[in-house]
Structure formats: structure tokens, C-alpha cells
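The values are calculated or read from the model by the stated rules, or taken from the named source; none is laboratory data. This one's a predicted model, so the numbers in the text were calculated from it and none came from an experiment. Methodologically, a virtual Cβ is constructed for each residue, glycine included, from the backbone with ideal geometry; neighbour enumeration extends over all protein chains shown. SASA here: full protein model, heavy atoms, side chains in, ligands and nucleic acids out. Shrake-Rupley method; radii C 1.70, N 1.55, O 1.52, S 1.80 Å.
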Amino acid sequence: MENFTFYAPTYFAFGQDTENDTGKYVKRFGGHKVLIHYGGGSVIRSGLMDRVKRSLEAEKLPYIELGGVRPNPRSGLVYEGIELCRKENVDFILAVGGGSTIDSAKAIAAGVPYDGDFWDYYQGKPVDEALSIGTVLTISAAGSEGSPDSVITKEEGMFKRGATGEALRPKFTILNPALTQTLPAYQTACGITDIMAHLYERYLTNTTEVEVTDRMIEALLLTMIHEGPRVIADPDNYQARANIMWAGMMAHNNSCGVGRTQDWTSHDVEHELSALYDCAHGAGLAVVMPAVFTYNMNHDVMRFAQAAVRVWGCQMDFAHPENTAREGIEALRKFLISIGMPKNFAELGAREEDIEKLAHTACYGNGGSGVMGGFVPLHQQDVEAIYRLML
């Protein structure tokens, strides 16, 4: 295990009706004027927005609104939000929605006090200063509600990239599993897939002797395997929703990633798909992960075999551990398909003729070095081969 520091000060309020206390938490964490940031009309139609507004009004907190966040959130709305917050002297961003809304809110929060272009942060500049952020989560998936990370798509060039910095960790997060009960099965399954991807990205490590975090990751993956089919079969199962919601936060606040190198190849490869084709991030990951794992398997067969045995219940083939490793990857692929995820390039709406472009952008776009991956260094020809495995 490597040296590390870990500080994750987000305050979590978990359970039914917790959104009614949003205003109290904004005041507790120093907010005086709030930007409510949200996506489409679902938070309005469900009555959630009215409840949030009433909680702010009860605390005599003024607010303004900015809706319109899309899946794979765009830079244009971030620029609009930055200017709006500066004009209105906003000092607190409240994201009401899922990971896309929270990521957009974080980008706005970082951009308001910064003299340069907020996109600098999405080209590697660490975020050291940002407005305070709070979240009311409506989708269990991205884990942005507890993480220091944000992903935005820049419309000029359609680059989908991430930023990070401890200033981006939300001050508080409202987690009411009941708010996720109206989600369509497809969105729920996309969220489950994203959560599992966050766990695998940390599990694929070159660091040795990380048994504690290995076991934590395995436990969370087993939770998703148990709860995923339950919630797809019964969308109103509050307890299944509750376990998935907390697992989603734990998967990405980095408590499972400390002291070890991490991979993030699957996310980087997928970002090109959702940027170009606007497919759901989780759906893209469902197709990407088995391909990446198959391509990288021989780098550390025993790590993949360990996941196969501990997570998927496969029998260890000691004479030929590669057979066990492949069995575990196939078990993951079949599980994702069983909950309604796509299985290949075509089902994502992706095109074979775009593969060279996708791989080049993944490696070199937005100032890329030409090499990606924290588990196995990959070049453009490797990434092209991975995309072809998805066909």
C-alpha cells in the first residue's frame, strides 16, 4: 500500500423526506444567496423543486434558478451559469438532480472565482478554489455527490474531460432513496453500471498488498450484483434503492481508492463515445468494460481471476488462471446485459468507420499525451483494438 492523505468532509443527510431540510443545510454551511441548478422538468413535475424552494424560503435564503442541464453536461451552460452567479452575487450552488447536474454545478462553482477560462481545470489545472456546493441527489450513479470530481463536454471539439480538486467536494448532500423510485429501468441500470465501473477502475491496480480496499470494492460489487436485479424487478423497493444509493457514493468518494494506483481506461475510452454519439455514460461503459478488461487481462491475470472468484463466484483454475479471468469478465458482461444494458457498438449507435477518429481523440484530443491508462499504458493502436472488440 502506498502513502496517502484522505479528507472527505461532505455532510450526508440520508433517508426519506430529507430534502425538506435543504435550506437548513445551506445556511449551516454559509450560504447567503443560492443558485438552484437542475436539468429538465422531472424535478419540477415530481414536486421536488417546490419542496426545496420552500425549505430555502423558510430560512429566508434568496435564490435564482438555472435549468437545462443535459446528460453529458455541456460547457455552454457552464459559461452561462458563471456569468449569472457573478451578476447576482451568488455564493452557494445547489444542484438538484443527478451526476450531470452536480458536475455542471461544480464547473460553475469553480469558474465563478477564477479569472481565466473554467476549461483550464478540465485540461489538468487543479481546482483550489470554488463556491460552496450542496446537492439533492435524484439518480444513484456518478458518485459526484461525494467526490472531488466533475466531467464536462466542451462543445467546441466535443471533448469530454474531467477536473478534480478538494474544493469541488460538496459541503452537504441530501440522499433520499425514494427520489430515485420514479426512474425508468434503463436509467437505473445505467447508474448501476457506472457504480460498478467506478469500483473496477480502482480494483485494477499495480499496487500490491491492498487487501483492505480490495475487500471493500468486492463487497460493494457484490451489493450491486444483489440489489441490481431486485430494483429492476421492483422499482419501488426502497431498501434496494437505499443500498444502491449509498454504494454509489462509497464507490466514488475514493475511500476505496486510497493507497493504490488506479486505472480509468474504461472511462476515458467511453467518454469519446458519449461525447460523439451522446449515448448514456453507463450504457457506454457496459460495452467498454468487457472489451478493455479482455484486452488488458494478460497484464495481471491473477487480479482478474481474483475478481472472478471473489465477486462472481467462479471456480479457480490454478493450472490455467486465464480461464478463470475470462469467466469473470464474461460474468460481468452477462450481468450488465441481464439488467438491460447494450452489448455491442451497434446498440450504442456507434459506427465502425469512426473507430480511428475515436481512438485518436481519446489519446491526443484536448492536449492529450498520446498514452492513456493507469493499469496498462495504451497507445492509439491499442485503443483502436479495444473499440474493435466492441463490434
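Are any residues in region 98-140 assigned to a helix (DSSP H, G or I), more than 20 Å from Lys27 (Cβ to Cβ), in contact with a helix residue (DSSP H, G or I) (Cβ under 8 Å, 6 or more places away or on another chain) and small (Gly, Ala, Ser), and if so, which ones?
Hits for region 98-140 are Gly99, Ser104, Ala107, Ala110, Gly111.
Which of (1) closer than 16 Å to Val287 by Cα; (2) in contact (Cβ under 8 Å) with a residue 12 or more places away in the chain is the odd one out, the single condition Asn366 does not satisfy?
Going through (1) closer than 16 Å to Val287 by Cα; (2) in contact (Cβ under 8 Å) with a residue 12 or more places away in the chain one by one, Asn366 breaks only (1).
Tell me the residue from Ala130, Ala197 that is under 13 Å from the mean Cα position of the chain (by Cα), within 30 Å of Asp117 (Cβ to Cβ) and at pLDDT 95 or above, please.
After ruling out the rest, the residue left standing is Ala197.
Restricting to region 69-97, and then to whatever is among the basic types (Lys, Arg) and outside any loop (DSSP other than H, G, I, E, B), can you tell me which residue is surrounded by the most Cβ atoms within 10 Å (Cβ to Cβ)?
For region 69-97, the residue satisfying everything is Arg74.
Of all the residues that make up region 242-261, how many are within 10 Å of Leu199 (Cα to Cα) and either open to solvent by 10 Å² or more (accessible area, probe 1.4 Å) or among the basic types (Lys, Arg) (or both)?
3
May I ask you to list the residues in region 215-241 that are small (Gly, Ala, Ser) and either open to solvent by 10 Å² or more (accessible area, probe 1.4 Å) or at pLDDT below 95 (or both)?
Passing the criteria: Ala219, Ala233.
Just need a number here: residues in region 26-53 that are part of a helix (DSSP H, G or I), touching a residue at least 24 places away in the same chain (Cβ under 8 Å) and under 27 Å from Arg70 (Cβ atoms).
Selection size over region 26-53: 7.
Go through region 275-391 and tell me which helices (runs of 4 or more DSSP H), entirely inside it, have 2 or more residues that are more than 30 Å from Glu227 (Cβ to Cβ) and out of contact with any Leu (no Cβ under 7 Å at 6 or more places or on another chain).
Hits in region 275-391: 355-364, 380-389.
Residues are listed down the side, and each one gets a yes or a no for (1) touching a strand residue (DSSP E or B) at 6+ places or on another chain (Cβ under 8 Å); (2) of a type in the set (S, T, N, Q); (3) at pLDDT 95 or above; (4) surrounded by fewer than 18 Cβ atoms within 10 Å (Cβ to Cβ):
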residue: Pro290; (1), (2), (3), (4): no, no, yes, no
residue: His299; (1), (2), (3), (4): no, no, yes, yes
residue: Met302; (1), (2), (3), (4): no, no, yes, yes
residue: Ala325; (1), (2), (3), (4): no, no, yes, no
residue: Lys343; (1), (2), (3), (4): no, no, yes, yes
residue: Lys357; (1), (2), (3), (4): no, no, yes, yes
residue: Cys363; (1), (2), (3), (4): yes, no, yes, no
residue: Asp382; (1), (2), (3), (4): no, no, yes, no
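Step by step: first the residues of region 195-214, then only those that are open to solvent by 10 Å² or more (accessible area, probe 1.4 Å) and acidic (Asp, Glu), then the one that is nearest to Ile337 (Cα to Cα). Which residue is that?
Result: Glu211.
So, Thr135, is that one more than 26 Å from Tyr63 (Cα to Cα), crowded, with 22+ Cβ neighbours inside 10 Å and in contact with a strand residue (DSSP E or B) (Cβ under 7 Å, 6 or more places away or on another chain) or not?
Answer is no for this residue.
Any residue in region 216-241 that is assigned to a helix (DSSP H, G or I) sitting within a Cβ distance under 6 Å of a residue that is open to solvent by 50 Å² or more (accessible area, probe 1.4 Å)? List the pairs, counting only those 6 or more apart or interchain.
Within 6 Å, the pairs are Glu218/Arg310; Thr223/Asn243; Glu227/Asn243; Ile232/Ala185; Ala240/Arg230.
Does Leu332 satisfy the criteria of being under 15 Å from the mean Cα position of the chain (by Cα) and under 20 Å from Thr193 (Cα atoms)?
No.
Condition (residue is in a helix (DSSP H, G or I), out of contact with any Ser or Thr (no Cβ under 7 Å at 6 or more places or on another chain) and either more than 19 Å from Ser55 (Cβ to Cβ) or among the hydroxyl-bearing types (Ser, Thr, Tyr) (or both)) applied to region 157-164: is it met by at least one residue?
Scanning region 157-164, I find no residue that is in a helix (DSSP H, G or I), out of contact with any Ser or Thr (no Cβ under 7 Å at 6 or more places or on another chain) and either more than 19 Å from Ser55 (Cβ to Cβ) or among the hydroxyl-bearing types (Ser, Thr, Tyr) (or both), so the answer is no.
Tell me, yes or no, whether region 24-31 has at least one residue that is in contact with a strand residue (DSSP E or B) (Cβ under 7 Å, 6 or more places away or on another chain), more than 30 Å from Arg260 (Cβ to Cβ) and either surrounded by fewer than 16 Cβ atoms within 10 Å (Cβ to Cβ) or of a type in the set (S, T, N, Q) (or both).
Within region 24-31, one or more residues are in contact with a strand residue (DSSP E or B) (Cβ under 7 Å, 6 or more places away or on another chain), more than 30 Å from Arg260 (Cβ to Cβ) and either surrounded by fewer than 16 Cβ atoms within 10 Å (Cβ to Cβ) or of a type in the set (S, T, N, Q) (or both).
Might you check whether a residue that is surrounded by fewer than 24 Cβ atoms within 10 Å (Cβ to Cβ), at pLDDT 95 or above and not hydroxyl-bearing (Ser, Thr, Tyr) occurs anywhere in region 98-110?
no
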